[in-house]
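Here's the structure, in structure tokens; my notes come after.
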Amino acid sequence: MSKYIAESLRIAVAKRANFRCEYCRRPEADSFIKYQIDHIISRKHRGETVSDNLAFSCPICNNNKGSDLGTVLDDKDVLVRLFHPRKHSWFDHFEVSEEGMIYAKTTIGEATITLLDLNHTNRVLERIDLIKAGLFP
């Protein structure tokens, strides 16, 4: 498995995501930092560097996710998988309030919000501005 991701593949992944983070939905055009390509199933877990296993990700989501595939919530004995952009629809697992909060519709949504810290105060404040500008979700 290669660490290298061809530029043509990077561009294809970004275009497929409409240049938005596939986890928090923030547009790259609103960021001062270039977005990254995330291995949904990390190479550590034998994920391949192929289009179906790659997601366009803001640096915050990518850093928070790391190589994780899931997390535990209230029931510490149950592992809940994270949102998978190639297999799940974002709007099936999340909804956004006018106040900029992302709410879970499912346990997958809850696990993803928790692990990626999608409702950190700074992220919510940025999201409010994007909502007001008509750029979110």
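The values are calculated or read from the model by the stated rules, or taken from the named source; none is laboratory data. All values derive from a computational prediction rather than experimental measurement. Every residue, glycine as well, gets a Cβ built from its backbone with ideal geometry; the counts of neighbours run over all protein chains shown.
Taking T107 as the residue in question, decide whether it is farther than 26 Å from I5 by Cβ, surrounded by fewer than 20 Cβ atoms within 10 Å (Cβ to Cβ), within 14 Å of the chain's Cα centre (by Cα) and not hydrophobic (A, V, I, L, M, F, W, C). Reasoning before the result, please.
Details: farther than 26 Å from I5 by Cβ: yes; surrounded by fewer than 20 Cβ atoms within 10 Å (Cβ to Cβ): yes; within 14 Å of the chain's Cα centre (by Cα): no; not hydrophobic (A, V, I, L, M, F, W, C): yes.
No: the conditions fail for T107.
Report, by residue number, each residue of the range 66-100 that is closer than 28 Å to A133 by Cα, in contact with a helix residue (DSSP H, G or I) (Cβ under 6 Å, 6 or more places away or on another chain) and hydrophobic (A, V, I, L, M, F, W, C).
Answer for the range 66-100, where residues must be closer than 28 Å to A133 by Cα, in contact with a helix residue (DSSP H, G or I) (Cβ under 6 Å, 6 or more places away or on another chain) and hydrophobic (A, V, I, L, M, F, W, C): F83, F94.
With (1) touching a Gly at 6+ places or on another chain (Cβ under 7 Å); (2) within 22 Å of E7 (Cα to Cα); (3) not small (G, A, S) as the list, and F94 as the residue in question, which single condition is left unmet?
Unmet condition: (2).
Scanning the range 120-137 for residues that are assigned to a loop (DSSP other than H, G, I, E, B) and not aliphatic (A, V, I, L, M), which turns out surrounded by the most Cβ atoms within 10 Å (Cβ to Cβ)?
Top of the filtered list is F136.
Taking the residues in the range 51-102 that are basic (K, R) and surrounded by fewer than 14 Cβ atoms within 10 Å (Cβ to Cβ) as candidates, determine which candidate is modelled with the lowest pLDDT. Lay out the reasoning, then the answer.
As a first pass, look at the range 51-102 and keep what is basic (K, R): 65, 76, 81, 86-87.
Filter again for surrounded by fewer than 14 Cβ atoms within 10 Å (Cβ to Cβ), leaving 76, 86-87.
On the way: K76: 82, R86: 97, K87: 97.
Ranking the candidates gives K76 first.
Can you pull out the residues in the range 16-30 that are under 15 Å from the mean Cα position of the chain (by Cα) and either surrounded by fewer than 16 Cβ atoms within 10 Å (Cβ to Cβ) or closer than 17 Å to S89 by Cα (or both)?
Residues satisfying the conditions are R16, A17, N18, F19, R20, C21, E22, Y23, C24, R25, R26.
Mind checking whether some residue in the range 40-49 is over 14 Å from P137 (Cβ atoms), touching a Cys at 6+ places or on another chain (Cβ under 8 Å) and buried (at least 19 other Cβ atoms within 10 Å of the Cβ)?
no
So which of L69, L125, L115 is closer than 19 Å to P27 by Cβ, aliphatic (A, V, I, L, M) and touching a residue at least 24 places away in the same chain (Cβ under 8 Å)?
Testing whether each residue is closer than 19 Å to P27 by Cβ, aliphatic (A, V, I, L, M) and touching a residue at least 24 places away in the same chain (Cβ under 8 Å) leaves just L125.
Being closer than 18 Å to R127 by Cβ and touching a residue at least 40 places away in the same chain (Cβ under 8 Å), is that true of even one residue in the range 33-48?
The answer is no, given that none of the residues of the range 33-48 is closer than 18 Å to R127 by Cβ and touching a residue at least 40 places away in the same chain (Cβ under 8 Å).
From H93, H88, which residue is touching a Lys or Arg at 6+ places or on another chain (Cβ under 9 Å) and without any contact (Cβ under 8 Å) to a residue 24 or more places away in the chain?
H93
Scan the range 1-21 and report the pairs whose first residue is within 13 Å of Q36 (Cα to Cα) and modelled with pLDDT under 95 and whose second residue is of a type outside the set (K, R) and in a helix (DSSP H, G or I), with Cβ atoms within less than 9 Å and a gap of 6+ or a chain change.
Close Cβ pairs satisfying both conditions: I5/V13.
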